[in-house]
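For reference, the structure discussed in these notes is given below.
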Amino acid sequence: MKEIYLRAPATTANVGPGYDIFALTLQNPFDEVKLQLNDSKRITIDIINDRNNIPIDVPNNTAGLAILELLKRKNIQIGVNVQINKKMPSGCGLGTTGASAAACVFGLDKLLELGLSENEMIDIARMGEVASGGSPHADNVAAALLGGFILVKSYDPVDVLKLKIPEFPVVLAIMQKNQRTTRGFITYNIGEEKLKEQIAHCSSVIHAIHTKDIKEFGKAVSVDYVAEPIRGATIPGYNDAKKCIINAGAYGCNISGGGSSVIAICDEEKQNEIKNIMENCFMDNPLFIKIIKTKTCNIGIKEID
Ligand code: HSE
């Protein structure tokens, strides 16, 4: 039986102002995905550890949907057994569903020797995201697949640019969303002035990565007029917490992906202080899970033993 084991990292999408076009990869946490081929022509999904709210029926699971898309596009009939060892909390804006979808496409490309391009793998894997957020956004799957910082330059056709990112220290307050997705409430009607600022901050994010400037990076990441106002309003105490985090010396703070986790960028020596502030601010939220200290990184999905 042909099989492959993969490590699929957490990603944080939007990175402040880049709604649906920016994402970056984190050193920790990560899931492990095992794929096995068989002749049954059936797809099965098995989740170890956190079965919390994750559907395992194939069309309602991001990994399942991505596999269906790949097999349909390539006209392949084969059985696939997926086992996801969940090591990261789901439904928190860490790109866990995208990581599983991207791992399945990456793994099947290898096992079936399809020779898919990176953009093609991203385009297939993003279709899996429909199962979780109702929209085929490419940011998380691209960052999981390629590692580093991702700019989705185009959606039609999918064209993704990967930038090597310095190892910026990150602190995450992991919180689950109180609803499946808030995407439906997000509007692009932010007015001319804010639109100009949003574009300027997106450009600053890219410039700061090129110049390895954590201060400029953090400042630009802290601004978002599109998703943050909607999602921030669903996180109790978010605005005050963000002020405390920045006042304590973090360079930047915003919501990770679709939320409700909150991400801060700071120096390594500040990580413990930011952790304590986040704990104080969010501890009473019943959807708060834990704090994770990690770093941005350039390693995407990879094969493990
Ligand atoms: N760009 C997506 C969103 C990421 O903001 O909904 C979801 O993690």
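State, as an integer percentage, the relative contact order of the chain based on alpha-carbon contacts under 8 Å between residues 6 or more apart.
Dividing the mean separation by the residue count of the chain yields 25 percent.
When only alpha-carbon atoms are used, what values of Rg and Dmax, in angstrom, describe the stretch 3-165?
14.3, 46
Quick one: what does P(r) look like for the chain with 20 Å bins over all Cα pairs, in whole %?
37, 56, 7
A 32 angstrom limit on the alpha carbon distance is what I want to check against. Which of 86/242; 110/270; 74/177; 110/290 exceed it?
110/270; 74/177; 110/290
Which residue fluctuates most in the GNM of the chain (Cα springs below 10 Å): 250, 142, 125?
250
Okay, helix-only estimate at 222 nm for the chain: each DSSP H run of n ≥ 4 adds -39500 (n - 2.57), divide by all residues, round to 500 deg cm²/dmol; what do you get?
-10500 deg cm²/dmol
Give the relative contact order (percent, whole number) for the stretch 87-233; include only Cα pairs under 8 Å separated by 6+ residues.
The value is 19 percent.
Tell me the label-point distance for the pair residue 77, residue 178, using the 7 Å Cα-to-Cβ offset, in nm and rounded to one decimal.
Result for the modelled spin labels: 5.0 nm.
Relative contact order of the stretch 169-297, please, whole-number percent, based on alpha carbon pairs below 8 angstrom and at least 6 residues apart.
Working: 198 pairs, mean separation 56.1, N = 129.
Once divided by the residue count of the stretch 169-297, the mean separation gives 43 percent.
If I compute solvent accessible area with a 1.4 Å probe over the protein chains, what percent of it on the chain is carbon and sulfur?
C and S atoms contribute 49 percent here.
Probe of 1.4 angstrom, ligands and nucleic acids ignored: what's the accessible area per residue over the stretch 73-186, in square angstrom?
Ligands and nucleic acids excluded, the result is 35 Å² per residue.
Taking the alpha-carbon distance from residue 219 and a cut-off under 20 Å, which aspartates and glutamates remain once sequence neighbours fewer than 8 residues away in the same chain are dropped?
Hits, sequence-local ones excluded: 20, 167, 193, 197, 228, 240, 267, 268, 269, 273.
Using label points projected 7 Å from each Cα along Cα→Cβ, tell me how many nm separate residue 1 and residue 42, to one decimal.
Going from the residue 1 label point to the residue 42 one covers 1.3 nm.
Which pairs in the list 72/295; 34/212; 41/293; 153/275; 34/243; 194/215 are over 30 Å apart, alpha-carbon to alpha-carbon?
Where the Cα-Cα span goes over 30 Å, the pairs concerned are 72/295; 34/212; 41/293; 153/275; 34/243.
The values are calculated or read from the model by the stated rules, or taken from the named source; none is laboratory data. Please read these numbers as outputs of a predicted model, since none were measured by experiment. No Cβ is skipped: glycine too gets one built from the backbone with ideal geometry, and neighbour counts run over all protein chains shown. In case anyone asks, the SASA skips ligands and DNA or RNA and just uses the protein heavy atoms, side chains included. Shrake-Rupley method; radii C 1.70, N 1.55, O 1.52, S 1.80 Å.
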